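Before any comments, here is the structure.
The values are calculated or read from the model by the stated rules, or taken from the named source; none is laboratory data. Source: prediction; values computed, not measured. Reconstructed Cβ throughout: ideal geometry from the backbone, glycine too, with neighbour counts over all protein chains shown. Note: accessible area is taken over every heavy atom of the protein model, side chains too, but ligands, DNA and RNA are not part of it. Shrake-Rupley method; radii C 1.70, N 1.55, O 1.52, S 1.80 Å.
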Number of protein chains: 2
Amino acid sequence: MYDDLKKRAVDLAKTASSSDIIFDALRDAIISGNMKAGESIRQENIAKIFNVSRIPVREALKKLESQGLVKNERYKGAIVSSLSDAEFKEIYEIRLLLEPTVVRYAAQNISKEALEIARACCEEFSTETDSAKWGELNRKFHEALYMGANRPFHLKIINEASDRIDSYIRAQLVLTDGMTKARKEHMEILEACEKGDGDRAAALTRQHIEDSYNSLMEFMGNNSSKLA
Amino acid sequence: MYDDLKKRAVDLAKTASSSDIIFDALRDAIISGNMKAGESIRQENIAKIFNVSRIPVREALKKLESQGLVKNERYKGAIVSSLSDAEFKEIYEIRLLLEPTVVRYAAQNISKEALEIARACCEEFSTETDSAKWGELNRKFHEALYMGANRPFHLKIINEASDRIDSYIRAQLVLTDGMTKARKEHMEILEACEKGDGDRAAALTRQHIEDSYNSLMEFMGNNSSKLA
DNA sequence: ATATTGAATATTGTATCCAATATGCAATAT
DNA sequence: ATATTGCATATTGGATACAATATTCAATAT
């Protein structure tokens with residue numbers, strides 16, 4: 001019954017609210033580097049852009065704040081968060097703890113279909129010439145792979161940590177020749193997963209993250225200490 | 001100038017907003033187990049309790065949702081989140097990754113004063129007879145120690161993960177003899193930190209978390225597989 | 001000229017109100 | 001009796017209105 005209707009079914013109950021949409025848009029703007037650290041965010045301005053009142057904007061800002069992407073000060077407003085050198089390094093320490101572990105789970109558990117999605121993401125990352133898309137494709141590849149681990153909480157932590165440094169990574173990918181190395185490393189990690197070699201995938205992921213940190217340190221002219 | 005006034009200075013700009021206060025109260029109610037998983041949260045009811053409109057309540061709920069403590073469904077409302085067995089285990093996997101690492105940093109970096117605070121917390125945990133306070137004191141001890149690591153992002157992740165399972169831990173501490181073991185293990189971890197023995201502190205912390213998981217599994221009559 | 005004060009403006013936090021949706025129940029049809 | 005529909009009520013999402021605080025800047029005092 002209703003066979004034809006069911007084909008066009010969408011879960012209308014799960015459509016995004018205004019505040020969800022605004023959250024996504026602000027998050028994108030921040031992690032892409034379009035909105036810079038320290039930049040102030042006026043509720044009224046955002047509300048005008050999306051043709052809504054300040055209420056959904058405020059809810060979006062609350063969520064961004066609890067993920068650390070913006071800082072709110074009572075009666076003063078919100079600004080895009082910045083990262084100190086120590087905080088920057090700490091984000092990488094967290095990635096280094098979680099991502100190799102998760103990729104090991106993924107290598108062991110990932111389904112054939114999920115692997116194919118990851119491979120598609122990897123190839124898109126390797127062939128895309130529009131540098132504006134590299135950052136997003138980079139994240140997509142990692143997420144596609146990590147999805148196979150079946151560890152939603154780990155993934156949430158990784159995603160929120162990655163958000164904090166994404167603008168730096170994007171700049172480094174575009175402004176240096178970081179893409180060459182990243183493409184090669186992605187391919188190797190993917191292949192290890194395809195072979196079900198969790199140890200190798202984990203080791204490569206660890207190396208990939210360390211390389212990313214070192215490249216960024218060099219790019220930013222910062223001779224900070226090595227990752228633990 | 002103003003010497004006497006400065007003695008009574010408080011940073012009024014940092015006083016909590018209504019939504020902050022409501023967030024804290026709801027969080028306490030949830031992690032204490034006072035509000036049970038699946039229980040619905042009516043905005044209007046909470047608003048009445050705090051004598052405010054629904055607006056600050058909604059902002060508190062947004063923050064609770066982004067930390068996973070409640071689930072919101074559009075036009076239906078919020079309920080206290082539950083944890084599947086797999087999710088429960090995953091929280092422990094995360095603790096097992098982060099806490100031994102953090103306690104190692106703490107053993108190496110913690111200041112004399114911070115150690116004394118941790119010791120005070122440890123002793124309070126050991127001597128408190130009011131079982132209703134055990135859960136909070138348990139968290140306080142761990143946090144006091146971890147503060148010494150100077151890793152605010154790690155700490156935030158640990159705290160949010162711990163929030164998700166705190167109601168179970170409190171029940172287990174009160175309804176079994178878990179306190180005996182916990183008190184002994186806390187003391188040993190603290191002593192390792194006092195000696196600056198990071199490896200030992202990390203190993204003990206790992207054991208402490210595994211013990212906690214196993215006790216809880218037994219307590220809940222769940223023969224789930226061991227932690228990785 | 002510099003510092004201080006006070007008013008005007010801007011911005012945020014919250015209350016109140018309205019619209020959209022969900023829920024429960026009575027009325028009706030089968 | 002059961003299923004379906006329509007209505008009344010409850011609840012949430014968001015708009016508007018207002019109060020609290022911050023910021024800016026002119027006016028005044030030193």
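Annotations for the structure displayed:
- Residue in region B:80-92 that is β-branched (Val, Ile, Thr) and at the interface with chain A (Cβ under 10 Å from one of its Cβ atoms) present: yes
- Residue in region B:21-36 that is facing chain A (nearest Cβ under 10 Å) and either touching a Lys or Arg at 6+ places or on another chain (Cβ under 8 Å) or open to solvent by less than 60 Å² (accessible area, probe 1.4 Å) (or both) present: yes
- In the set (1) farther than 22 Å from B:Lys156 by Cα; (2) surrounded by 13 or more Cβ atoms within 10 Å (Cβ to Cβ); (3) within 11 Å of DNA strand D (Cβ to nearest atom); (4) of a type outside the set (A, V, I, L, M), the condition left unmet by B:Lys62 is number (1).
- Checking the stated criteria, A:Arg104 turns out to be basic (Lys, Arg), in contact with a Gly (Cβ under 7 Å, 6 or more places away or on another chain), more than 9 Å from every other protein chain (Cβ to nearest Cβ) and surrounded by 14 or more Cβ atoms within 10 Å (Cβ to Cβ).
- Of everything listed in (1) within 15 Å of B:Arg164 (Cβ to Cβ); (2) within 8 Å of DNA strand D (Cβ to nearest atom); (3) not charged (D, E, K, R), the single unmet condition for B:Ala78 is (1).
- Qualifying positions in region B:19-46 - in a helix (DSSP H, G or I), touching a residue at least 12 places away in the same chain (Cβ under 8 Å) and among the hydrophobic types (A, V, I, L, M, F, W, C): B:Ile21, B:Ile22, B:Phe23, B:Ala25, B:Leu26, B:Ile30, B:Ile31, B:Ile46
- Flag for A:Val57 being assigned to a helix (DSSP H, G or I) and more than 22 Å from A:Ala161 (Cα to Cα): yes
- For A:Ala13, the conditions (1) surrounded by 18 or more Cβ atoms within 10 Å (Cβ to Cβ); (2) part of a helix (DSSP H, G or I); (3) at the interface with chain B (Cβ under 9 Å from one of its Cβ atoms) are fulfilled apart from (1).
- Hey, B:Gly68 out of contact with any strand residue (DSSP E or B) (no Cβ under 7 Å at 6 or more places or on another chain), away from DNA strand C (no atom under 16 Å from the Cβ) and more than 10 Å from chain A (Cβ to nearest Cβ) or not: no
- Condition check for A:Glu87: under 16 Å from A:Ser162 (Cα atoms) and either in a loop (DSSP other than H, G, I, E, B) or modelled with pLDDT of 95 or more (or both): yes
- Hits in region A:37-53 (condition: open to solvent by 80 Å² or more (accessible area, probe 1.4 Å) and either within 14 Å of chain B (Cβ to nearest Cβ) or at positive phi (or both)): A:Asn51
- Search result, residues across region B:137-163 that are more than 19 Å from B:Cys122 (Cα to Cα) and either open to solvent by less than 20 Å² (accessible area, probe 1.4 Å) or within 8 Å of the chain's Cα centre (by Cα) (or both): B:His154, B:Glu160, B:Ala161, B:Asp163
- Cross-chain or 6+ apart pairs with Cβ under 7 Å, region A:54-65 first and more than 7 Å from chain B (Cβ to nearest Cβ), then open to solvent by 20 Å² or more (accessible area, probe 1.4 Å) and among the basic types (Lys, Arg): A:Leu64/A:Arg27; A:Glu65/A:Lys71
- Looking across B:Ala78, B:Ala114, one residue alone is crowded, with 18+ Cβ neighbours inside 10 Å, small (Gly, Ala, Ser) and over 30 Å from B:Met217 (Cβ atoms). It is B:Ala114.
- A single entry from B:Ala149, B:Ala118, B:Ala106 fulfils the requirement of being in contact (Cβ under 8 Å) with a residue 12 or more places away in the chain, away from DNA strand D (no atom under 16 Å from the Cβ) and not in a helix (DSSP H, G or I): B:Ala149.
- Scanning region A:160-186 for residues that are within 14 Å of chain B (Cβ to nearest Cβ), of a type outside the set (Lys, Arg) and farther than 17 Å from B:Arg164 by Cβ turns up A:Ala161, A:Ser162, A:Asp163, A:Ile165.
- Failed criterion for B:Leu97 (all others in (1) open to solvent by less than 20 Å² (accessible area, probe 1.4 Å); (2) on the phi < 0 side of the Ramachandran plot hold): (1)
- Candidate set from region A:121-136 (those that are open to solvent by less than 60 Å² (accessible area, probe 1.4 Å) and in a helix (DSSP H, G or I)); member that is nearest to A:Ser32 (Cα to Cα): A:Gly135
- Failed item, numbered, when B:Tyr2 is tested on (1) within 16 Å of DNA strand D (Cβ to nearest atom); (2) over 30 Å from B:Gly148 (Cα atoms): (1)
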